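The values are calculated or read from the model by the stated rules, or taken from the named source; none is laboratory data. What you are looking at is a predicted structure, and each value in this text was computed from that prediction instead of being measured. Counting neighbours? That spans all protein chains shown, and the Cβs are built from the backbone with ideal geometry, glycine included. SASA here: full protein model, heavy atoms, side chains in, ligands and nucleic acids out. Shrake-Rupley method; radii C 1.70, N 1.55, O 1.52, S 1.80 Å.
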Amino acid sequence: MEGVTAVPVPQPRAARPAASSGGRRSLAVALLLGALGATVVLLSTGQIWAEGTAAVAGGTVPVEADGGTVTGVPTALAIVGLAALVAVFAVRRTGRLLVAGLLALSGAGAALAALLGASDSTALDAEAARVSGNTASAVAGLTHTAWPYVTAAGALLILLAGLFALRFGRTWPAMGGRYERAGAPRAARRPAAGDPDRPEDLWKALDRGEDPTRDA
C-alpha cells in the first residue's frame with residue numbers, strides 16, 4: 001500500500017528518578033549519621049570519664065579525668081571521619097571507595113578506643129601521683145561514668161556512615177563533576193565573518209583586531 005510509513009515504537013526509558021531519589025536518601029542518611037556521630041564523640045570526650053581519690057597527708061582528695069585525658073584517639077579519629085565524610089564527594093570510583101573505607105575505619109577505631117578507655121585507670125593514677133607528690137601513689141575508689149559508652153555509640157554512627165558510603169556511594173554526585181558542568185567556561189563564539197568588500201564590515205573587523213583580508 002502506498003502512503004504508509006513505519007512509525008518507530010517509542011522505547012520506555014529507564015526509571016532514573018527512583019534510582020536518583022534512592023541515592024539522595026542514602027546520601028542524606030550518611031551525612032546525618034557522620035555529622036551526628038562526630039559531634040557526639042567530640043562532645044562526650046570532653047566529659048568526665050573516670051573518678052577516684054588520691055591519698056595525701058592527712059586524708060584524701062578527689063581526682064577525675066576527662067575523655068581527652070584518658071585517650072585522645074576517639075577525638076582524633078572523629079576529626080579524620082569528618083574530613084573523610086567531606087572528601088567522599090570530591091573523589092570518584094576507586095578514590096571514593098578508599099575514602100569511604102577510611103570513614104568506616106575511623107568510626108570503628110574510635111569505638112574500640114572508647115571501650116578500652118572505659119576501664120582504664122592510667123590517667124587517674126597519673127593524676128593521683130601528681131596531686132599527692134608521690135610517683136608510686138595510685139588512685140583509690142576508682143569509678144567510671146557512662147560517657148565512654150556514649151563516645152562509643154557516636155563512633156558507631158560514624159562507622160555506619162562509612163558503610164553507607166561503601167554501599168551507596170557510587171550513586172552520589174561528585175563535587176568535581178558538578179563544578180565541571182556548571183563552572184566550565186563555554187567556548188567563545190566567534191563573530192560571523194563579514195564581507196571584506198563592504199566598508200562597514202571592514203571597519204568592524206579592524207576594530208576586533210582581525211585581518212579582513214586574511215581569508216581573501
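A straight chain from ARG170 to THR94 at 0.36 nm per residue would run longer than the Cα-Cα distance by 26.4 nm. By accessible area, using a 1.4 Å probe on protein heavy atoms only, the range 47-116 has 71% of its surface on carbon and sulfur.
Solvent-accessible surface of protein heavy atoms, probed at 1.4 angstrom with all chains present, puts ILE158, ILE79 in the order ILE79, ILE158, largest first. The local environment of GLU51, defined by Cβ-Cβ distances under 12 Å, has a net charge of -3 under the rule Lys, Arg +1 and Asp, Glu -1.
Between amide H atoms placed 1.01 Å from N, distances below 5 Å from VAL139 occur with ASP125, all of them 5 or more places distant or on a separate chain.
What list of ³J(HN,Hα) couplings, whole Hz, do you get for the range 92-109 from phi and the Karplus terms 6.51, -1.76, 1.60, once you set θ to phi - 60° and write x for glycine and proline? Calculated HN-Hα couplings, in order: 9, 6, 4, x, 5, 5, 5, 5, 4, x, 4, 4, 5, 5, 4, x, 5, x Hz. With a simple spin-label model that places each label point 7 Å from the Cα along the Cα-to-Cβ direction, the separation between LEU112 and LEU32 comes to 3.0 nm.
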